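Right, one structure below, let's go through it.
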Amino acid sequence: MIVCVCRRISDREIARHARAGLGFDEIQFELGVATQCGQCEGCARDVVAQCSAACPTAHIKPGMPFPAPAVRGVAFAG
């Protein structure tokens with residue numbers, strides 16, 4: 001569904017950016033949503049909030065190593 005008629009931005013575009021970890025202000029800067037008439041701001045913020053709540057992102061501390069993948073039946077020499 002088109003959320004921002006002025007910029008022709010869909011809820012899918014907004015959701016994709018929100019799932020990538022961007023907040024509303026960053027999405028507004030990237031896509032231009034809610035920068036002209038402003039009528040879509042509430043709906044756009046709702047889409048961002050729904051995606052942020054449904055798809056929380058995990059944060060890895062700097063310098064923290066990624067865990068090795070668990071593979072059954074294979075021994076790794078280390």
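Read-outs: derived from the displayed coordinates by stated rules, not from any lab. Only a predicted model underlies this, so the values are computations on that prediction, with no experimental measurement involved. With ideal geometry, Cβ positions are generated from the backbone for all residues, glycine too; neighbour counts draw on all protein chains shown.
Compared with the alpha-carbon gap, the fully stretched path from D25 to V5 is longer by 5.4 nm at 0.36 nm per residue. Here the calculated FRET efficiency for R16 and Q36, from their Cβ-Cβ distance with R0 = 25 Å, stands at 0.75, rounded to the nearest 0.05. Over all other residues within a Cβ to Cβ distance under 15 Å of G38, the charged ones net out to -1, with Lys and Arg as +1 and Asp and Glu as -1.
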